[in-house]
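Notes follow the structure.
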Amino acid sequence: MKTLYDVQQLLKRFGIFVYVGKRIWDIELMALELDHLHKAGVIDDPTFITAKLVLTREHRFEEKHQNELTDF
């Protein structure tokens, strides 16, 4: 698992489809859904950690991108 798409596919396996309208919000909601799946014991620790790292990286990228757009 290396991309946001991979995390989306993981969530889709459990019937979870996330689309809020803003990419950063989608990432945040995916992180919450992952937390719930992990807490329920549905996904193992390595999968959870890898997915959370992917989401953290994507969230940071989106924050940086948004800041660059507002600096003008």
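Each value in this text was obtained by applying a stated rule to the coordinates, not by laboratory testing. All values derive from a computational prediction rather than experimental measurement. Positions of Cβ are backbone-derived with ideal geometry, glycine not excepted, and every protein chain shown enters the neighbour counts.
Data table
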{"read-out": "The lone exception for Lys2 - which of (1) of a type outside the set (S, T, N, Q); (2) surrounded by fewer than 11 Cβ atoms within 10 Å (Cβ to Cβ); (3) free of Cβ contacts under 8 Å to residues at least 12 places away in the same chain it fails", "value": "(3)"}
{"read-out": "Residue selected from the stretch 39-65 under the condition at negative phi and either of a type in the set (Gly, Ala, Ser) or in contact with a strand residue (DSSP E or B) (Cβ under 7 Å, 6 or more places away or on another chain) (or both), by the criterion surrounded by the most Cβ atoms within 10 Å (Cβ to Cβ)", "value": "Ala51"}
{"read-out": "The stretch 28-38, residues that are over 17 Å from His59 (Cβ atoms) and either of a type in the set (Phe, Trp, Tyr) or exposed (fewer than 14 other Cβ atoms within 10 Å of the Cβ) (or both)", "value": "His36"}
{"read-out": "Subset of the stretch 14-27 [surrounded by 11 or more Cβ atoms within 10 Å (Cβ to Cβ) and either basic (Lys, Arg) or out of contact with any helix residue (DSSP H, G or I) (no Cβ under 7 Å at 6 or more places or on another chain) (or both)]", "value": "Lys22, Arg23, Trp25, Asp26"}
{"read-out": "Total residues in the stretch 32-61, condition among the small types (Gly, Ala, Ser) and more than 14 Å from Met1 (Cβ to Cβ)", "value": "2"}
